[in-house]
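Presented below is the structure to which this report refers.
The values are calculated or read from the model by the stated rules, or taken from the named source; none is laboratory data. Model, not experiment: these values are computed from the prediction. Using ideal geometry, Cβ is built from the backbone for each residue, glycine included, and neighbour counts are taken over all protein chains shown.
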Amino acid sequence: MITKRISSRRDGASSAKAVLKYGEGLKKDRATGVLQGKSLRTRLSNFGLVDDGVYQSRSPAEMLELIELASKEMQACCDMNTRAGEQSKIAHFLFSFDQTRPTESVIRDTEDSMMSALGLKENLWVSFLHSDNGHFHVHLIASRISKDGHRLNKLWHDQTIRDRVAREIEIRHHLIRDNGLHRIDEDGQIVEVPKNERERRKGLKSIKTDRAQTVEIHAGEKTFQSWAEEMRIGDRLKYAKSWKELHSTAAAYGCAIKQKGAGFMICPIEGKGGMQLSRVGLKGLVARFGPFEPGRERQASANAQYEPAPVNPKAASRYEKWRAAKRDFLPFKTEELQRLRSEHKAIRESLRGEQRQELAQLRASIAGADKFAAISLLKMQHAVQMTELATRFKHERTALYQELAEKAPGSTFRDYLIRESRKGDDVALGFVQAHASTHATDLSRKQEAKKLKIIAAIRGEEYLVVRRLQFSHHIEPSGSVVYHLGDDRQITDSALSRRVELNAPAAHDPEAIATALRFAASKFGPELTLTGPEDFQRRAVEIAVKERLGVKFTNPALKAYQDHLLAAAQMRPTPTKPAEQAAPVFHVAGAQVGLNARSWAEDLARTTGKKIVGLPAGGKAVYTVLHVTEDGVVLNLGRSIAVHPPIVSPTLAVGDMVTLQRDGRILLQQKSPGLGR
């Protein structure tokens, strides 16, 4: 388990309502405007306005009402202490597990143990279970002010305490053991990791912060911290012997050294980004160089400097197109927003003018004791009008922002690529899918499969970029392409799993399976691996043989079954041998008599090992005719065969593809080619 303490907002605007709404994930969907939440489990403790306990499967509206009441109580508790700063009144912790959802007992033990160890058990606290970053993690938000409003919990050495408790929980519940300030030795005892070992381990880690890594994953853009890591900027700065030399060296790489709080930052002179100098190995600078001395903001020309770029260098040309599109779109966006502001200002001033005239007329027309009451009533009506106008303006601004968001080239480079993909750009789609597969996790793959109701899949060793299928489709935010074949049949080209996936209707439909096999062969090569129900896998092998797709299967059992079907197909009578064509014809009256169907089936069972079974129930399954005589028809069911009794039926021949109806009648689906009919 990994534990972290989340720092307060930099602008000092942290509040109980804001942090609890973040934990519950309550926000409106941009496309539909429907309120949504992302917390899988919410627990409240020590509250009075709401019931304590675990809340799951509640509607977003219910959770919004619950969070509103809980935040009011927590904020009121925090406000009772006027000595502590606003940024010190609420603690926000994060406890990250692996990609498997922790059990309720693990989550409760984590919450209760951490709160007890930190001295916050009796305070107001709320926990939220998330999985939005590909791993299950718990956000635990607690008031640092005691319920009586007097004492502030200063959380001394909370990092050491949290790390030790995390190791204890790993032992109790047999969880995966993560690195930290403590480790578990061979005897199962928790011991502190020596400082030199922690320093060595830290040197092997990336200097990028979690926020920078998250930006790169979601935006597809290389951050300043990635560039600094590639340039090994710390090694280039560590030889400086004064503030002046440090500023000069940083400027040679287009960077500036700035003071922030008690530490120092390195930032690009032009552009966004920055990081603490301590992350690149520069510490104790005041002790070495004395008090901070600001440097000149601009030096001569830089030898190398940070330039915004895509994570994938091959997408550089598309990245430049996106930046150009953003520059071109900015004047239009500014003009539209300014137009709306001007309209709102004119309407507001017009309404205020009308209200002033109404007040003047009222004062002139009424005198005496009723004048004061009439003016108060009119002012109340004016206040209601202004409130209604403000609500209308808010809706109009929201509508305009949504309209601009749809017309914009994309807020991030990854958004731009997804939009271009939806317009038909296969190259952009390739970039999106490559980026998604690089950062995919087992949890994100499972979540996509659950959302799309996947039950079967086809994959291979190779991965080639191919053109899309000529079916209606939509592209998921991950880059997965979902093809709609009709009748709820869907084939998914998954960017996260790098598989061709089928939902239940498609996995039971021969046409959809054949389409999926052809598409998979073009993407993965001729050797395919099937996953899913056994009947789907056998049906896929039968269709591959029937359609002569030229694919092979890596599963030994499926490969043997494919070889058997190919051998059986080669044993079928050919149209060049009249003697072999005499038996296959089947009519109810006047049919030629061949070898008894039951006897023929028993001979085939002895030679091939197939079992003779009863007829299956009617349905969509397609069977191959193996033998036809006056007294019956032998059908291939895969691993087994069945004998169909003689009934009124169309003329049948060996190799015909048939289905069985619910009343037991044979329905011809496809004639065997080359039999002279």
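Side notes on the structure shown:
- Every test in (1) in contact (Cβ under 8 Å) with a residue 12 or more places away in the chain; (2) surrounded by fewer than 16 Cβ atoms within 10 Å (Cβ to Cβ); (3) over 25 Å from His135 (Cβ atoms); (4) not assigned by TED's automatic domain parsing to the domain that holds Phe97 is passed by Pro268 save one, and that test is (2).
- Pair list, Cβ < 6 Å and 6+ apart or interchain, from region 375-400 residues that are among the aromatic types (Phe, Trp, Tyr) to residues that are surrounded by 14 or more Cβ atoms within 10 Å (Cβ to Cβ) and modelled with pLDDT of 90 or more: Phe393/His344
Matching residues to (1) modelled with pLDDT of 90 or more; (2) on the phi < 0 side of the Ramachandran plot; (3) touching a strand residue (DSSP E or B) at 6+ places or on another chain (Cβ under 7 Å):
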| position | (1), (2), (3) |
| --- | --- |
| Ser45 | yes, yes, yes |
| Ser59 | no, yes, no |
| Leu69 | yes, yes, no |
| Lys72 | yes, yes, no |
| Gln75 | yes, yes, no |
| Lys89 | no, yes, yes |
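- Among the residues making up region 129-162, those that are farther than 25 Å from Asn179 by Cβ and not polar (S, T, N, Q) are Ile141, Ala142, Arg144, Ile145, Lys147, Asp148, Gly149, His150, Arg151, Leu152, Lys154.
- Pair list, Cβ under 9 Å, 6 or more apart: region 50-65 residue in the same structural domain as Lys21 (by TED's automatic domain parsing), other residue assigned to a loop (DSSP other than H, G, I, E, B) and exposed (fewer than 10 other Cβ atoms within 10 Å of the Cβ): Pro60/Val34
- Flag for Arg200 being of a type in the set (Lys, Arg) and within 30 Å of Ile107 (Cβ to Cβ): no
One line per residue, one yes/no per condition, for (1) buried (at least 20 other Cβ atoms within 10 Å of the Cβ); (2) among the aliphatic types (A, V, I, L, M):
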residue: Leu502; (1), (2): yes, yes
residue: Thr515; (1), (2): yes, no
residue: Arg518; (1), (2): no, no
residue: Glu527; (1), (2): no, no
residue: Ala544; (1), (2): yes, yes
residue: Gly550; (1), (2): no, no
residue: Thr554; (1), (2): no, no
residue: Leu558; (1), (2): yes, yes
residue: Tyr561; (1), (2): no, no
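- Selection of region 164-191 for residues being of a type in the set (D, E, K, R) and modelled with pLDDT of 85 or more yields Arg164, Arg167, Glu168, Glu170, Arg172.
- Screening Glu462 on (1) in contact with a helix residue (DSSP H, G or I) (Cβ under 6 Å, 6 or more places away or on another chain); (2) not in a loop (DSSP other than H, G, I, E, B) shows it passes everything except condition (2).
- Flag for Leu181 being touching a strand residue (DSSP E or B) at 6+ places or on another chain (Cβ under 9 Å), touching a residue at least 12 places away in the same chain (Cβ under 8 Å), among the hydrophobic types (A, V, I, L, M, F, W, C) and crowded, with 18+ Cβ neighbours inside 10 Å: no
- Looking only at region 112-135, and only at residues there that are surrounded by fewer than 21 Cβ atoms within 10 Å (Cβ to Cβ) and under 13 Å from Met1 (Cβ atoms), the one that is farthest from the chain's Cα centre (by Cα): Ser113
- Residue match in region 290-310 (condition: small (Gly, Ala, Ser), surrounded by fewer than 15 Cβ atoms within 10 Å (Cβ to Cβ) and assigned to a helix (DSSP H, G or I)): no
- Output for region 475-500, where each listed residue is in contact (Cβ under 8 Å) with a residue 24 or more places away in the chain and surrounded by fewer than 17 Cβ atoms within 10 Å (Cβ to Cβ): Pro477
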